[in-house]
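One structure is given below, encoded as C-alpha cells.
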Amino acid sequence: MRGGLVASARLLPRPLVRWFLQRRAQLDINENMLGGKKVKIIFVLGGPGSGKGTQCSNIVEHFGFIHLSAGELLRAEINSGSENGTMIDTIIKEGKIVPSEITIKLLQEAIIKGGNDKYIIDGFPRNEENRAVFESVQLQTLVTYFQLLQINISPEFVLFFDCSEEEMERRLLGRNQGRSDDNIETIRKRFKVFVESSLPVIEYYESKGMVKKIDATKPAPEVFEDDGKRMKFTNGIT
Ligand SMILES: Nc1ncnc2c1ncn2[C@@H]1O[C@H](COP(=O)(O)OP(=O)(O)O)[C@@H](O)[C@H]1O
Ligand SMILES: Nc1ccn([C@@H]2O[C@H](COP(=O)(O)OP(=O)(O)O)[C@@H](O)[C@H]2O)c(=O)n1
Ligand SMILES: [Mg+2]
C-alpha cells in the first residue's frame with residue numbers, strides 16, 4: 001500500500017507535495033498522534049509475577065485503556081509460526097530479553113491496529129535498549145490520503161509494581177498457565193535479568209520524576225482498590 005502511495009505522490013504537483021510535507025512536520029512536533037488524537041501511553045513495569053497482567057485487566061475494565069503485554073505479543077508471535085518464532089521461544093525459555101526491533105515492531109503494529117488513544121503497555125521497556133529504541137523510532141499511520149503522520153511515542157508516566165522476590169516466586173510457581181518460563185530455573189534467571197536490566201530503566205524514569213510506585217505485595221483486590229483509590233493507576237487520565 002505504501003509503495004502505491006509513493007508512486008502516486010510522484011504524480012502530484014510539487015506545491016501540493018511541499019504543503020503535505022510541511023503539514024506533516026507541524027503535526028509531528030512533540031505529539032504522539034494517532035488518527036488526529038493524542039495517544040496516551042502508560043508503561044507498567046515490575047518483576048516477573050508482581051501482578052502486572054492482573055492489574056492491567058482491572059485498568060482496562062475500569063478506565064477503557066487497551067492493554068498490550070509485550071510478553072503476550074511475543075508468545076503470540078511464537079504461536080503464529082513466524083520465522084522468528086524459534087529464536088523468540090529460546091530466548092524466553094532462557095529468561096533473556098528479545099532484541100528490541102522484534103518487540104517494538106509487534107507493539108507498533110498493535111498500537112496502530114488498536115486505533116485507541118489510551119494504551120497501557122506491560123512488561124516493556126525491559127532494558128535500556130528497549131527504552132531507547134522505542135523512544136527513538138516513529139510510528140507511521142495513514143490517517144487520510146494526505147496525512148501520513150510520524151508519531152514519536154513516549155509514556156505519560158510509569159507504574160512500578162514493587163514486590164518481594166519471595167512473593168513473586170510463590171506466585172509464578174502457582175500461575176499454572178503452561179508457560180515454558182514459569183519453572184524455578186528460568187524464574188531465577190528472570191529475577192537476575194530484572195535486577196540487572198529492568199531496574200535501571202525504572203531508575204531512569206524515576207530520575208525524571210515519572211514513576212508511580214505501587215505496593216504489589218498485598219492481595220490483588222487490595223492492590224487495585226487501596227482504600228478506594230483506584231484512580232492512582234491512571235493519574236487522572238480517564
Ligand atoms: N496481588 C496478588 N496476590 C496474589 N497473587 C496474585 C496477585 N496478583 C497476581 N497474582 C497471581 O500471581 C500470578 C502472576 O500474576 P500476573 O498478573 O501474571 O503477573 P505478571 O504479569 O507481573 O507476571 C498469577 O497467577 C496471578 O493470578
Ligand atoms: N519487553 C520484553 C517483554 C518480554 N520479553 C520476554 O518475554 C518473557 C515473558 O514476559 P512477560 O512480561 O510475559 O512476563 P511476566 O513478567 O508477566 O511474568 C520475558 O521473560 C522475556 O523473555 C522480552 O524479551 N522483552
Ligand atoms: Mg505478565
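With the cut-off at 1.5 for a/c, could you classify the stretch 195-234 from its C-alpha gyration tensor as rounded, prolate or oblate?
Since a/c reaches 1.5 but b/c is at least a/b, the shape of the stretch 195-234 is classed as oblate.
Over 24 Å between Cα atoms, which of LYS38/LYS218; LYS192/LYS232; LYS40/LYS212; LYS38/LYS212; LYS105/LYS212 qualify?
Beyond 24 Å between Cα atoms: LYS38/LYS218; LYS192/LYS232; LYS105/LYS212.
D for the stretch 70-131, whole µm²/s, Stokes-Einstein with Kirkwood Rh over alpha-carbon pairs at 37 °C and 0.692 mPa s: what number?
On the way: Rh = 12.1 Å.
Approximately 270 µm²/s, per Stokes-Einstein.
Based on other C-beta atoms within 10 Å, arrange THR103, THR90, THR217, THR234 from fewest to most. Provide the component values of the computation, followed by the final result.
Details: THR103 25, THR90 13, THR217 16, THR234 21.
With the fewest neighbours first, THR103, THR90, THR217, THR234 line up as THR90, THR217, THR234, THR103.
Can you sort LYS208, LYS52, LYS96, LYS118 by how many other beta carbons sit within 10 Å, fewest first?
LYS208, LYS96, LYS118, LYS52
Neighbouring Cβ atoms within 10 Å as the yardstick, rank HIS62, HIS67 fewest first.
Values: HIS62 14, HIS67 21.
Going from least to most buried by this count: HIS62, HIS67.
Using every alpha carbon pair in the stretch 163-238, what percent of pairs falls into each 10 Å bin from 0 up to the bin containing the largest distance?
Each 10 Å bin holds this share of Cα pairs: 16, 35, 38, 12, 0.
Each value in this text was obtained by applying a stated rule to the coordinates, not by laboratory testing. Owing to the predicted nature of the structure, the values given are computational and were not obtained by experimental measurement. When we count neighbours, we look across all protein chains shown, and the Cβ atoms used for this are built from the backbone with ideal geometry, even at glycine.
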